[in-house]
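Everything on this sheet refers to the single structure shown next.
Every number in this text was worked out from the coordinates using simple rules, so none of it is lab data. Here the structure is a predicted model, which is why all the values come from computation and not from measurement. Here the Cβ is made from the backbone with ideal geometry for all residues, glycine too, and neighbour counts use every protein chain on show.
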Amino acid sequence: MIYNIKNLIIYLSITIFFISCQKETKELKNIDVDELTIAHIHKAYKEGLYTSEQLVETYLNRIARLDSSINAITFINQNAISIARSLDEEYKKTGILRPLHGIPLIVKDNINTKGLPTTGGSLALKDFLPQEDAFIIKKLVEAGAIIIAKSNMAEWAFSPKHTESSTAGTTRNPYNLDFVPAGSSGGTAAAIAANFGTIGLGTDTGNSIRGPSSHNALVGFRTSLGLISRSAIIPLFLRNDVVGPMCRTIEDATKVLEIMAGYDSSDPITKYGEGKIPDNYSQFLIKEGLQGARIGVLRELSDDNPDPEIKVLFEQAIVDIEKLGAQIIDPIVIPNFSELRQDQWCSVFREDLETYLATYVKSDSIKTLEDIISAGTSSDFAKKRLELFSVNTGRWQNPEIVCEDAFHDVRRIAFREAIEKVMDSLKLDAIIYPSWNNKPARIALFEEEYKGDNNQVIAPHTGQPAFTVPMGFTDGNLPAGIQFLGSMFDEPTLVKLSYAYEQGTNHRVKVKTQLK
C-alpha cells in the first residue's frame, strides 16, 4: 500500500510540475539521458543543444514513467525546475559553467536537504523538513548541482542486505527486478543505474556505498575517514560513517569528490584531512594509470567461499590489470588478519542518533531511541535492529575496550597499521578483492542468500579509502564489482588506478530496460 501511494504521489507531483510550467517552458526536448556524464551535459549546454531546465524535465519525466518498477525515489524536489531555470539564466549572463552547473543530483534520504523531507526511511521522521542543507549539500549546490529527488534507503541505514523503508517500501535492482540492490543506499544506486539522475550520494557505515554500487554496475567511493564531512546526516555509527559519490563513471565520481572534500568545523574528524587534499582530483584521471603500479591480491577475502562466477570475473580482472601494465603480487599475506578483523564493531547508534535529533530535529516528541521505537515501523528487519540497539551499546565482543574513532581506537589502529605495513614493505599502490564474493540475493530470500559481503571487513574500521568499480556480470544479468583498497588519504592513487581499470575494461552496461 505504501509503495503504491508513494508512486502515485510522485507521478502526480511531476504532472503538476509540467502543467504549472507549461506556459513558461519551451517544448520538452527529446534528450537521451542514458549514461549521460557531467562532461556530456556541459558540452551540450555550451553547444546550445538543450538547457538545464529541459534536462531536469526529462529526468523527472523518466522517473514518473519508470520508477514504479524500481521504487528508488522517495521525494521529488518541487523547486528543481525553477532552480534549473535560474542556472540557465546565470549561464546566459556569464558564459561560465560552475563545476557541477545544472547537473541533476539524487540524494539519499538520510542527508539533510533544506525543505525536502529527510526521514531515514522511518515513520518517526516522516514529516521532518530540515531548516538548512548539510555541509556537503551546500558545497554541491554552490557548485551548481540540482537536487532533483531523494532516494529510498534501508530504514535507519540498518541493512546491507536489502533496501526497505517504512516511508517507501522495497527498492528493486533495475538489472533484474527480482533481486536486491543491496543496502542501505540501494535507492541511490538503483536510481543512478536506471538513469534517473546524473550523479548520486550514498552513505557507508560498513557496505552501503560500495555494496549497492557493486550490485548496480556503478562506481562507489568510500573515502578516508576525515576527508569528507558527515555533519547533518542521520548517523548509524558515526565512528564508521562516510558519505560519498555513487556514479556511472570514475570521472563523474571524482568531480563530485573534489567538491565535497574539505574541513567542516561541525565534524571534528575532518581536521585529519587538512593538508591532505590536492588542488583537484581530476588530474589523476590517467588512462595509463596502472602502468608500473604494484597491486596486491588479498586471497584471504577473494577465496573465502566465492560464487564460481564471481571467482571467474575476479581472476579475469587480475589478468586485465596485469595487461594494463600493473605488477601483480599474488597473494599478499597480512599477519594476524583473521584475528585483527575481529572485535571491530561498536554499537553507538543510540548516542549518535539522539545527538542528531537534539541538534537538527529539535522535536519534543522525538528525542530518544525509545521515541523512535514508539513511532513504529513497517519493516521487520528495522524493528529487530531497533530493539537490539535499545539494549546493546559499546563494543560487541569486549566491552571493556573503549570505542573510539579510527585515529584513537586501539583495535582500529592495530588493524590499519598491519595492512599499511604490508603495503609499505611490498611497495603496493593498492590491494584488490571482489566487493562481494557472491551474487545479489533475491528479494524474497534476502536473509538466506545474503553472503559474500567483503565491504564490511577492512575499510569501515581502518578508515582507509576503498573504491568499487564494475567488474562484469554474472548469469541473470547481475552486476559484480572489484574493490581497490588504498592507504589513508591516498585517494589520488585510487582515482588513477580505478580509472585506468575502468577505461581498459569498460564493464559498465546500461540497464536494458525491463521497466514499465
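Just a few scattered comments:
- Cα gyration tensor shape of the stretch 348-479, rounded if a/c is under 1.5, else prolate or oblate by comparing a/b with b/c: oblate
- Amide H contacts of residue 327 (H built 1.01 Å from N, under 5 Å, at least 5 apart or other chain): 292, 293, 294, 295
- Near residue 446, once Lys and Arg are set to +1 and Asp and Glu to -1 for all other residues with Cβ below 15 Å from its Cβ, the sum equals -1.
- Cα gyration tensor, the stretch 416-516 - rounded (a/c under 1.5), prolate or oblate: oblate
- Span-like helix ranges in the chain, DSSP H, alpha carbon extent 27 angstrom or more, Kyte mean at least -1.0: 2-21
- Taking 0.36 nm per residue of separation and subtracting the current Cα-Cα distance, fully stretching the chain between residue 30 and residue 65 would add 11.1 nm.
- Residue order, fewest to most beta carbons within 10 Å, for 270, 493, 74: 493, 270, 74
- Built amide H within the under 5 Å cut-off of residue 161, gap 5+: 183
- From the largest down, the stretch 172-282 spans 44, 31, 17 angstrom on the principal axes of its Cα atoms.
- The base-10 log of I(q)/I(0) for the chain, evaluated at q = 0.07, 0.08, 0.12 Å⁻¹, reads -0.34, -0.45, -1.06 [Debye formula, identical scatterers on Cα atoms, solvent excluded].
- Amide H contacts for residue 471 (H built 1.01 Å from N in the peptide plane; partners 5 or more residues away or on another chain; cut-off under 5 Å): 480, 481, 482.
- Length gained on full extension, residue 442 to residue 417, computed as 0.36 nm times the residue gap minus the Cα-Cα distance: 5.2 nm.
- Net lengthening on full extension, residue 451/residue 138 (0.36 nm per residue, minus Cα-Cα): 109.0 nm
- Proximal lysines relative to residue 287, as straight alpha-carbon distance under 22 Å, when same-chain residues fewer than 8 apart are discounted: 43, 255, 323, 427, 496, 510
- Shape category assigned to the stretch 368-423 from the gyration tensor of Cα positions, a/c cut at 1.5: prolate
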